[in-house]
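So the structure is just underneath, and the comments pick up after that.
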Amino acid sequence: DRVVALVPAAGQGVRLGAGMPKAFVTLGGETLLRLAVDGLLASGVVDRVVVIVPADRVPEVRGELPDGVDVVAGGAERTDSVRAGIAAAPDADLLLVHDAARALTPPELIARVVAALRAGRSAVVPVVPVADTVKTVDPLGVVTGTPERSELRAVQTPQGFSADLLRRAYAAAESVATDDAGLVERIGGPVHTVAGDPLAFKITTALDLALARALSEEPAI
Ligand code: CTP
Ligand code: MG
């Protein structure tokens, strides 16, 4: 089965506020995008990588990434960017969708997701327990409920799918979703979980970038 990894990297990084699209921020001299791509290639379970970047960045990224990595233009919402990646991977049997912003994801986690797909699952997401108690609130901020924390998981990437299932989920999608598995859930597909990893955290804010930079430094001892 041919495994193609799609790397959405076309976001603006508004919450990080680095003054440039987040995927082009560097960590130890490498862009988040390059680190994410290198992690996918290092996993040994990915046959081809398609990165999705802001339209005006396509030529420079084509020049900088390793041969064999394809580069296409993204869209206004993450859903639009992933859709562009799916269109560029008609040859895939299995599709991974992996945020460039999760630049420190261990290759072992990527291999776990693919192993679950190869074992017959058609939708797989890496998850970690939630540390905070989570509440639902109404538009005025008044608490409406407290879901049982032991039943909650935070979801990471790469999320893995049989390619046909993800194509059908995107074909049926009528609005944006914050993750790809959410679209599979809407068409009724079961989504399975594998153990995530704290290092697969998403670099969203300046605090996250400070943590990533600290983790990337040479260890003191
Ligand atoms: N992404 C994308 N196309 C978009 C929006 C997001 O490819 N139109 C990508 C981002 O580049 C990132 C991943 O989706 O790798 C997760 O999105 P997020 O962390 O929200 O990144 P940004 O949208 O760039 O950040 P922000 O929401 O703070 O602007
Ligand atoms: Mg975003």
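Since every read-out is calculated from the coordinates, none of them should be taken as a lab result. Since the model is a prediction, treat every value here as computed from it, not as a measurement. Every residue, glycine among them, receives a Cβ derived from its backbone with ideal geometry; neighbour counts consider all protein chains shown.
Each semi-axis of the equivalent ellipsoid for the chain is √(5λ) with λ an eigenvalue of the Cα gyration tensor; in descending order they amount to 25, 23, 18 Å. Taking the fewest neighbouring Cβ atoms within 10 Å as the starting point, the ordered list for Lys22, Lys202 is Lys202, Lys22. Here the peptides 203-213, 113-123 are ranked by packing, the mean other Cβ count within 10 Å, and the order with the highest first is 113-123, 203-213. Springs between Cα atoms under 10 Å define the GNM used for the chain, and in it the highest mean-square fluctuation of Asp38, Asp138, Asp67 occurs at Asp138. Rounded to the nearest 0.05, the FRET efficiency derived from the C-beta distance between Asp70 and Asp93 at R0 = 22 Å is 0.85. Taking 0.36 nm per residue of sequence separation and removing the Cα-Cα distance, the Arg2/Asp138 pair yields an extension gain of 44.5 nm. With contributions of -39500 (n - 2.57) from each DSSP H run of at least four residues, the per-residue ellipticity at 222 nm computed over the chain stands at -9000 deg cm²/dmol.
Note on the chain: with a GNM built from Cα contacts shorter than 10 Å, the maximum mean-square fluctuation among Ala55, Ala200, Ala36 falls on Ala55. In a DSSP loop and with at most 14 other Cβ atoms within 10 Å, the GluC sites (Glu not before Pro) in the stretch 95-166 are Glu148. Extension gain for Leu41 to Thr204 (0.36 nm times residue separation, less C-alpha to C-alpha distance): 56.3 nm.
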